[in-house]
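Report on the structure given below.
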Protein chains: 2
Amino acid sequence: MHSIPEEIETPAILIERDILHRNIERMASRVRERGLTLRPHVKTHKIPQIAALQLEAGAVGLTVATIGEAEVFADHGATDLFIAYPLWLSAAKAERLRALSQRARIAFGTDSVEAVREAGRLLGPAAADFGVLVEIDSGHHRSGVRPEDAAAIADAARAAGFRVAGVFTFPGHSYAPGMPGTAVDQEGAALDRAAVALREAGHDVEVLSGGSTPTALLTGDSVATELRPGVYVFGDAQQLELGRCAPEDVSLTVAATVVSRHEGSGDLPRRIVLDAGSKMLGGDRPAWASGFARVQEEPDARVSALSEHHATVLWPEDAPLPALGSRLRLIPNHVCVAVNLVDEVTVVSDGAVVERWEIAARGRNA
Amino acid sequence: MHSIPEEIETPAILIERDILHRNIERMASRVRERGLTLRPHVKTHKIPQIAALQLEAGAVGLTVATIGEAEVFADHGATDLFIAYPLWLSAAKAERLRALSQRARIAFGTDSVEAVREAGRLLGPAAADFGVLVEIDSGHHRSGVRPEDAAAIADAARAAGFRVAGVFTFPGHSYAPGMPGTAVDQEGAALDRAAVALREAGHDVEVLSGGSTPTALLTGDSVATELRPGVYVFGDAQQLELGRCAPEDVSLTVAATVVSRHEGSGDLPRRIVLDAGSKMLGGDRPAWASGFARVQEEPDARVSALSEHHATVLWPEDAPLPALGSRLRLIPNHVCVAVNLVDEVTVVSDGAVVERWEIAARGRNA
């Protein structure tokens, strides 16, 4: 592990370029080997330079979460975008979608007859320019309908003038210990049932889109034709603790300085405090996680609390407590929300700064 | 409750101007009635227009968390700033502090002899331009030393050329059910012990600074001279569930649209999904909270899960499920992290948009 370049002022997000490249290549080649297409979710990084690397490695297009993200990546040359979200259009959003479709191939998600009818009403004849994928619920119980109910929505999409491209699902219930294997099998079964239902109703099913970083490299029973992982480019503490990435695969860390240090005694815990809190790392902390982040230099340390600008770290009793002013790297629990908190990241290689990238799509929630 | 103005595209943060003004006035008058000074923490809002209202209402100055926040508020005319954080200076940060001290009265926190010595070394004779407050631990066990250990740090600060202004503490352990009363008493006891220790060592103790929104309006045993609440301007779901603000005191909400709707059956929960997730609301979710946010229109609804762009809301069985496309207001659990996610907020009054404010200090983590 290289030390943090001296010129870095903390807190700051660092990206190890060589690990990033390796992660991108590995996912691309494994998905290709299985004969699937890769449409990585760029909400993770929101950085056009990384999207360009993903496309060069063979991604067929990009997945985004919002119209705003689609606009940013189209501004940077993306020509094939899937908004993997059950959009409810306003007149203003319909107008933005229409403008987007002039410069990129756009598909979006839906999980109701009402939403697709409203979209058709607002887009009018322009509906023909858009692909629609019906969202199905493969066990996460967020958005998405039962596979058997997808055909009625596809019928409504066709009636509203859209091109029905297929179905998609997000197996978000893979984010728990022991669950990735189960989730990928449920994803496969759900996509299969939806495909049968759609074909019986006379729809072509070009795309069966699934996948998340915890499940993308599992073969399982999935019948997906396309995968949409996002986190794999960086890795994070959730993926580490789920066993879905190795410590040496983590390409993004938060450089932080020890600002407070306490040997502890009595009811006072032995701890250090780092100058990166929830406004750098994000506040995500699933019940099964060992803490609010991980310390790259000390796997047995535990981030026991996160304030906005403080990470409180309980240090193992048998390891010397780091000195005040020393610098460590934190691995966020959920990297997608960490990147969204800063305006730029610093790219490093062999311990030296090589580039700075703007988070071009930061905050594009609408 | 006014409806969400039609021109608002979701998700978006709305601030009710009249409630905001009332919250600012109430805290200012209650603190004044107790003969204390108010130095509100502006990390909550990061908005110069709100800081101006707080100063007009009688605040003696502002509290910030970082040098970057201090710079933004100084740019907007603030002249008295306390960085309530145990700074560890680099050469670059020392230079920024020095520049700041040319245009505002600056004090900062410390909790170690090492940090204050390093600051003195880097600032040189300019140290005399800064006040230092020693941070003590009143029960939160984050940063801060035992009250009895404050004198040695004050001695080191004086030796390094700083003006010792007093002590400060953050009773963060007030953020739990039943804890605000206990925390305010422990805060008072700790400040008192630190003041005794400092005076015995020959230091003037001008400022005993404490307070947080959960404790600021409790009289308790506090001997504080100054309070630093932040959240009170907006309120949030944490304060509601701690009983520290009333529903009608919440001035900030996230306008969101129902994008997915499921009556539920079998193992599928009855729910709606709103288009505001952790990238709008923040991911903070203490174990004692009832969910990841609250729905202003339906107190019995529960936000059971938060993805980046989805809030999954379990709706009470005896209430009709809102229609697709309808718009609701979410109350974030922790408002400070929600505001930090957007570039601007929309100010409303009587159901109409009256202003838009930039989050000038968003993302100023360093």
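The values are calculated or read from the model by the stated rules, or taken from the named source; none is laboratory data. Values in this document were obtained by computation on a predicted structure and should not be read as measured data. Positions of Cβ are generated from backbone atoms using ideal geometry, with glycine treated the same way; all protein chains shown enter the neighbour counts. Heavy atoms of the whole protein, side chains included, go into the accessibility calculation; ligands, DNA and RNA do not. Shrake-Rupley method; radii C 1.70, N 1.55, O 1.52, S 1.80 Å.
With the biggest extent put first, the Cα atoms of region A:18-231 measure 46, 37, 27 Å across the principal axes. Label point of A:E358 (7 Å along Cα→beta-carbon): distances to the other copies' equivalent points are 1.5 nm, sorted ascending. For chain B, a Gaussian network of Cα nodes joined below 10 Å ranks B:G230, B:G202, B:G188 by mean-square fluctuation, and the top entry is B:G202.
For region A:188-274, the fraction of C-alpha pairs more than 20 angstrom apart is 60%.
Sorting the segments A:32-41, B:253-262 by their mean number of nearby beta carbons within 10 angstrom, highest to lowest, gives B:253-262, A:32-41. Each of A:E298, A:E6 has its accessible area taken with a 1.4 Å probe; listed largest first, they run A:E6, A:E298. Looking down the axis that turns chain A into chain B, the chain A residue with its beta carbon nearest that axis, and the gap rounded to whole angstrom, comes out as A:G283, 2.
Compactness of the protein assembly as shown was expressed as the Cα radius of gyration divided by 2.2 N^0.38 Å, which yields 0.97. GNM remark for chain B: springs join alpha carbons under 10 Å apart, and the peak mean-square fluctuation among B:Q186, B:Q49, B:Q102 falls on B:Q102.
Kirkwood analysis of the Cα pair distances in region A:239-358 returns a hydrodynamic radius of 14.9 Å.
Taking a probe of 1.4 Å and counting only protein heavy atoms, give the total accessible area buried between chains A and B in Å², rounded to the nearest 100. Chain pair A/B: roughly 4800 Å² of buried accessible area. Working ranking of peptides B:306-315, B:344-353 by packing, defined as the average number of other Cβ atoms within 10 Å per residue, highest first, is B:306-315, B:344-353.
Across chain B, the mean sequence separation of Cα contacts (distance under 8 Å, 6 or more residues apart), normalised by length, yields a relative contact order of 19 percent.
Converting phi to 3J(HN,Hα) with the Karplus coefficients 6.51, -1.76 and 1.60 and the offset θ = phi - 60°, region B:119-131 yields 5, x, 4, 6, 8, x, x, 5, 3, 4, 7, 10, x Hz in sequence order, with x at every glycine or proline. For region A:161-208, the Kirkwood hydrodynamic radius comes to 11.8 Å, computed from all pairs of different C-alpha atoms. If a spin label sat at a point 7 angstrom from the Cα of B:E355 along the line to its beta carbon, the backbone N atoms of region B:31-66 nearer than 16 Å would be those of B:45-58. The spread of Cα positions in chain B, taken along each principal axis and listed from longest to shortest, comes to 70, 38, 37 Å.
Per residue, chain B reaches -8500 deg cm²/dmol at 222 nm when only DSSP H runs of four or more residues are counted, each adding -39500 (n - 2.57).
Taking B:P180, B:P320, B:P125 in turn, the Gaussian network model of chain B (Cα-Cα springs below 10 Å) assigns the largest fluctuation to B:P320. Under 5 Å from the amide H of A:T10 lies no amide H of any residue 5 or more positions distant or on a separate chain, with H modelled from the backbone and absent for Pro and chain starts. Legend: residue pairs A:K279/B:K46; A:K279/B:K43; A:K46/A:K279; B:K46/B:K279; A:K279/B:K279; A:K46/B:K93, Cα-Cα distance threshold 19 Å; pairs beyond threshold, A:K46/B:K93.
Computed over neighbours whose Cβ is under 14 Å from that of B:A156, the net charge equals -2, Lys and Arg +1, Asp and Glu -1.
List, in order, the whole-Hz ³J(HN,Hα) value for each residue of region A:195-201 obtained from phi through the Karplus relation with A = 6.51, B = -1.76, C = 1.60 and θ = phi - 60°; use x for Gly and Pro. Here the 3J(HN,Hα) series is 5, 4, 4, 5, 5, 4, 8 Hz.
Extending 7 Å from the Cα toward the beta-carbon at both A:H2 and A:E248 defines two label points whose distance is 1.7 nm. The simple Förster model, with R0 at 30 Å and r as the Cβ-Cβ distance, assigns A:E33 and B:S304 a FRET efficiency of 0.20.
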